[in-house]
Every structure is written in C-alpha cells, then in structure tokens.
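Written out below as structure tokens is the structure these notes cover.
The values are calculated or read from the model by the stated rules, or taken from the named source; none is laboratory data. Predicted model, so just to flag it, every value in this text is computed and none were measured. Virtual Cβ from ideal backbone geometry, glycine too; neighbours counted across all protein chains shown. Accessible surface areas use protein heavy atoms only, side chains included; no ligands, DNA or RNA. Shrake-Rupley method; radii C 1.70, N 1.55, O 1.52, S 1.80 Å.
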Amino acid sequence: MGINVWMPRVTAIVEHSLPVTKPDTTHSDLWADLTAEVQNCTLCGLCNTRTQTVFGSGNQHADWLVIGEAAGEEEDKQGLPFIGVAGQLLTEMLRAIGLSRDEVFITNVLKCRPPENRDPHVDEIKHCKDYLQRQQQLIKPKIILAVGRIAAQTLLNTHEPLTKLRGNVHTFNNTPVVVVYHPAYLLRSLPEKRKAWQDLQFAKQTLIAMENKSCVDS
Ligand code: URA
C-alpha cells in the first residue's frame, strides 16, 4: 500500500550470517549433515558425470588433514580418496613419517571426479571450497598437508608454482599448511621423490616445533 515496512538492522545482519546451530548439536550431527550435503550436492555440473561423491576418509579428529586435488577413476567408483596407484604412494609417503591412513583425514579440494581427470574448473573449486572449510572446522587439524599444485594453490589462494610454495609454512584459516609434491607427479618423475621426502620431514618438524612451543607457552 506504499507504506515502507521498517526492519530492525539486526534482522538484516542475521539473514546473511552462517546457519544457526542448535546449542545441543553435536560434532557427529554436524559431520553427518555435511556428509549428506556433499552426497546430494548439485552445485556444479560434476554431479551429472560422477558415479558418487568422495567425502574423505580417516580420523574425524586427526591432527593431520591431507588434501589432494580430486577423485580419479577408482576413487569415483569406490567413493574413497587416494586408492589408485597414486593413493598407494601417498600411503607410503605418510608411513615414511610414521602415520597410518587411519590416523589422518584424507580428502580432496573437489568432492567429485572431473571427467577424464581434467584440472578442476574455477567454479567447481569455488562451490567445493565451502565443504573443505567446514571439514577443517570440524576436524580442527593441527596441520594441513596440501598435496600437489591444485590443492596448494586453492588453499593458499595463489597462482604461484608449487616449487615456490614448498619449503615454507603457510596458513589456511589459521591452520599451518605445508605443501608436498603430488604422488601422481612423483610416479612420473622419480628423481623428485627425494624432494617429497624433504617436504614430509619439514611438515613433521613443523608440527613437532608447534607442539613444543605450545608446551613451553602453557
Ligand atoms: N586420488 C585422489 O583422491 N585425489 C587426488 O588428488 C588424486 C588421486
């Protein structure tokens, strides 16, 4: 009727804030909700070509969050991350620093397989990044291992090559990030395996140094 309805300012703010979680919502409720959301996701075209989504696997309370690029053929079939040949090498790489797959949480930037294993598109990464951040918020890892160029560039929001990013401690939402070569790349360039070993040792030393520091500080 031409009358402007006055809305208190706070209403507008609440509309744009994160979904309100009930006070009694537990970690496992939130984890289950996120898992279901990813399973039913139709935010990008990959939902039309995937066999199934790949949410991730391992310990939901891990100190280590291992993030790769996207599912390949085998992962898409089985719904689990890093289970092809590259996955076997990743398992060995983790074992080299004393970690089993059950002790870490392994996931990917994209929760679906891009057709023919092409590089993820910008819009696909944009939609999936929210899932990754929510996984991080729930797991609360002490350290993130960014496996390969796509994971590193996505988490660090940069186009810098991997050679420039490795060997430093970066952060993603306040969690330290160490970059390592992707096992699929290492399978093609065996001489780089030594560098991957150095990266893993660097990541392990970073976590030890952080734990020692928090011991001294407390
Ligand atoms: N398998 C995955 O799950 N992620 C990769 O980045 C590569 C293979």
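Can you name the residue in the range 143-168 that is surrounded by 16 or more Cβ atoms within 10 Å (Cβ to Cβ) and part of a loop (DSSP other than H, G, I, E, B) and, of all such residues, is nearest to the ligand (Cβ to nearest atom)?
The qualifying residue nearest to the ligand (Cβ to nearest atom) is GLY148.
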* Asked: Residues in the range 90-104: is at least one part of a loop (DSSP other than H, G, I, E, B) and near the ligand (Cβ under 9 Å from one of its atoms)?
  -> no
* Structure fact -> Sole miss for LYS204 among (1) open to solvent by 20 Å² or more (accessible area, probe 1.4 Å); (2) touching a residue at least 40 places away in the same chain (Cβ under 8 Å); (3) assigned to a loop (DSSP other than H, G, I, E, B) is condition (3)
* Asked: With respect to the numbered conditions (1) within 16 Å of the ligand (Cβ to nearest atom); (2) among the β-branched types (Val, Ile, Thr); (3) open to solvent by 30 Å² or more (accessible area, probe 1.4 Å), which one is the sole condition not fulfilled by VAL109?
  -> (3)
* Go through (1) in contact with a helix residue (DSSP H, G or I) (Cβ under 9 Å, 6 or more places away or on another chain); (2) under 22 Å from PHE55 (Cα atoms); (3) not aromatic (Phe, Trp, Tyr) and name the single condition GLN136 misses. => (1)
* Within the range 112-128, considering residues that are within 15 Å of the ligand (Cβ to nearest atom) and of a type in the set (Lys, Arg), the one least open to solvent (accessible area, probe 1.4 Å) -> ARG113
* Which residues, counting only those in the range 169-196, are open to solvent by 20 Å² or more (accessible area, probe 1.4 Å), part of a loop (DSSP other than H, G, I, E, B) and within 16 Å of the ligand (Cβ to nearest atom)? -> HIS182, SER189
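Quick one: count up the residues across the range 62-75 that are surrounded by fewer than 22 Cβ atoms within 10 Å (Cβ to Cβ) and either within 8 Å of the ligand (Cβ to nearest atom) or farther than 18 Å from LEU145 by Cβ (or both).
So the first thing to find is which residues in the range 62-75 are surrounded by fewer than 22 Cβ atoms within 10 Å (Cβ to Cβ), and the list is 62-63, 73-74.
Then drop every residue that is not either within 8 Å of the ligand (Cβ to nearest atom) or farther than 18 Å from LEU145 by Cβ (or both), which leaves 73-74.
Counting residues in the range 62-75 that are surrounded by fewer than 22 Cβ atoms within 10 Å (Cβ to Cβ) and either within 8 Å of the ligand (Cβ to nearest atom) or farther than 18 Å from LEU145 by Cβ (or both) gives 2.
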* Restricting attention to the range 93-105, does a residue exist that is under 24 Å from GLU124 (Cβ atoms) and at pLDDT 95 or above? -> yes
